[in-house]
């Protein structure tokens, strides 16, 4: 009886009930459309990520460790355990920094990282397409609420720590854990699921790519342990040394339940046009537009001033002394200097540039030296995650040109429509899937809620 009381009274018990309520939560057309787009975009990012070095290393690791062959890794022949598949799929989705973003007050995270857990757990459980979409919707809501409550000024933990509870909830949802089991899964995930903010510190390493994947792998494994009877601390979420104390500005987990629910987090996420961090989207789009509209030749540029709105992520990146001369692809996709230079030099920023190390070429390096980036307090922050900017260019002849950008297309205030999302998917899947397979997979995901199981999704990602 004491254990039952704990499960009812604890924050984990309350969260377990909240998770279970998603089984009967109705869909609105916009939320369903957005969740389908998120799924399509995540799979496209994963397929493009197969060419990345960190992804290749992760796949080699999965082949080394093996595992109970109950889950698939997208775009490969690997069948492995649930935790390993979650890790592999999360690395693939994240590796090119082309997946979506969600902006809280202090942190910008990438909720589509956790789509890996929904896919893997749903496959293991034999879930329907509707259950998969519901799990994604659930995971996004938990992830976003946690980011909304985190304080970047004082929190020592990385935003990827939000994946711990999200993945435990999604996995438990798909596997249909008993309530008592789900309570323990949430408690254990809240205890063990943290990543250090040094994961994306100066220099940027592959730990940036694998941070959510490792947290998710851990949370998925802990959920299976809970199913077998293991337990977590009674006050893991709300205790004085618990999850909320570690991550939330207020230290109170009750605040998680305090949102009005009018805007679902899956609808507040932003898709990316370019393979780089969220702050780079608007400056790249502005530079590409300026180059095209003004017929700007990069050879005539004397200086470039990029002014961006103030934000915690912007301050973090501009404090990185390696930003002007990135030494790896991971660092290049977080370097505003390199990204703006690529946009001005080539009129676009693409996967191919990142894979080839284009930012190291002499003409791009020459442009980087002409670029100054600063935070301008007079630029209004805009809507969450928009990262508005202004670009001023002076040419060799003394003439000047300027452009401003509030948010790039794909931001949740300017969401990509299904047709646009399919276009991005085709660019990402090109070379990995045949044209026929791309068409079939897009059609399949356009009505994903009608699927009886996920076999077609995984089969089609292996079709070339």
What distance in nm separates the simple spin-label points at residue 423 and residue 61, each placed 7 Å from Cα in the Cβ direction?
3.6
Among DSSP bridges having both ends in the chain, what percentage is antiparallel? Round to the nearest 5.
75
With both bridge residues required to lie in region 278-405, what share of the DSSP beta bridges run antiparallel, to the nearest 5%?
70
Average Cα contact separation per residue, the chain, under 8 Å, 6 or more apart, as relative contact order %:
19
Principal-axis tilt of helix 336-346 within the chain, Cα atoms, nearest 10 degrees
60
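Does region 243-293 classify as rounded, prolate or oblate by the C-alpha gyration tensor (a ≥ b ≥ c root eigenvalues; a/c under 1.5 gives rounded; else a/b over b/c gives prolate, otherwise oblate)? Present the calculation step by step, with values, prior to reporting the outcome.
Numbers: a/c = 4.37, a/b = 2.52, b/c = 1.73.
Here region 243-293 falls in the prolate category.
Over region 278-405, calculate the relative contact order: mean separation of alpha carbon pairs under 8 Å at least 6 apart, over the residue count, as a percent.
For region 278-405, the relative contact order is 41 percent.
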Per-residue ellipticity at 222 nm for the chain, helices alone: DSSP H runs ≥ 4 residues times -39500 (n - 2.57), over residue total, nearest 500 deg cm²/dmol?
-15000 deg cm²/dmol
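What full-extension length gain, to one decimal in nm, is calculated for residue 260 and residue 464 as 0.36 nm per residue of separation minus the Cα-Cα distance? Mind dumping the intermediate values first?
Details: separation 204, 0.36 × 204 = 73.44 nm, distance 4.55 nm.
In short, 68.9 nm is gained.
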Global form of region 2-268, assessed from the alpha-carbon gyration tensor, a/c cut-off 1.5
rounded
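Can you tell me how much longer the chain between residue 372 and residue 356 gets when fully stretched, taken as 0.36 nm per residue apart minus their C-alpha distance, in nm with one decimal?
On the way: separation 16, 0.36 × 16 = 5.76 nm, distance 2.46 nm.
That pair, residue 372 and residue 356, stretches by 3.3 nm at full extension.
Could you calculate the contour length gain from residue 252 to residue 29, that is, 0.36 nm times the residue separation minus the distance between their Cα atoms, to one decimal place in nm?
Numbers: separation 223, 0.36 × 223 = 80.28 nm, distance 3.36 nm.
Between residue 252 and residue 29, full extension yields an extra 76.9 nm.
Sort the following peptides by mean Cβ neighbour count (other Cβ atoms within 10 Å, averaged over residues), highest first: 292-304, 271-283, 357-369. Working shown, then result.
On the way: 292-304: 13.8, 271-283: 25.3, 357-369: 16.4.
Answer by packing, highest mean first, reads 271-283, 357-369, 292-304.
Below 8 Å, C-alpha to C-alpha, sequence gap of six or more: please give me the relative contact order for region 292-366 in percent.
On the way: 50 pairs, mean separation 16.4, N = 75.
Relative contact order here is 22 percent.
When each pair of different Cα atoms in region 374-429 is counted once in the 1/r mean, what is the Kirkwood radius in angstroms, to one decimal? The partial results should precede the final answer.
Details: mean 1/r = 0.0719 Å⁻¹.
Hydrodynamic radius (Kirkwood, Cα only) of region 374-429 equals 13.9 Å.
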At 7 Å along the Cα-to-beta-carbon direction for both residue 413 and residue 318, put a label point, then send me their distance in nm to one decimal.
1.9
Label model pair residue 176, residue 154: point-to-point distance (7 angstrom along the Cα→beta-carbon line) in nm is 4.4
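Just want the ordering: 389, 444, from fewest to most Cβ atoms lying within 10 Å of their own Cβ. Intermediate results must be reported in sequence, preceding the final value.
Details: 389 31, 444 18.
In order of increasing Cβ crowding within 10 Å: 444, 389.
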Here are labelled values, [x] 81, 50, 43; [y] 83, 55, 45; [z] 94, 44, 38, and one is the computed Cα extents along the principal axes in Å for what I pasted. Which one?
[x]
What translational diffusion coefficient, in µm²/s and rounded to a whole number, does the Stokes-Einstein relation yield for region 261-362 at 4 °C and a viscosity of 1.567 mPa s, taking the hydrodynamic radius as the Kirkwood radius over Cα pairs?
89
Whole angstrom only: what separates the Cα centroid of region 260-339 from the Cα centroid of region 408-439?
21
Give the angle, between 0 and 90 degrees and rounded to the nearest 10, that separates the Cα long axis of helix 207-227 from the longest principal axis of the Cα atoms of the chain.
10
Report, in degrees rounded to the nearest 10, the 0 to 90 angle that the Cα long axis of helix 179-192 makes with the longest principal axis of the chain.
40
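We did not get these values from a lab; they are worked out from the coordinates using the rules stated. What you see is a predicted model; the values in this text were computed from it and never measured. Please note: Cβ atoms are built from the backbone with ideal geometry, for glycine as well, and neighbour counts cover all protein chains shown.
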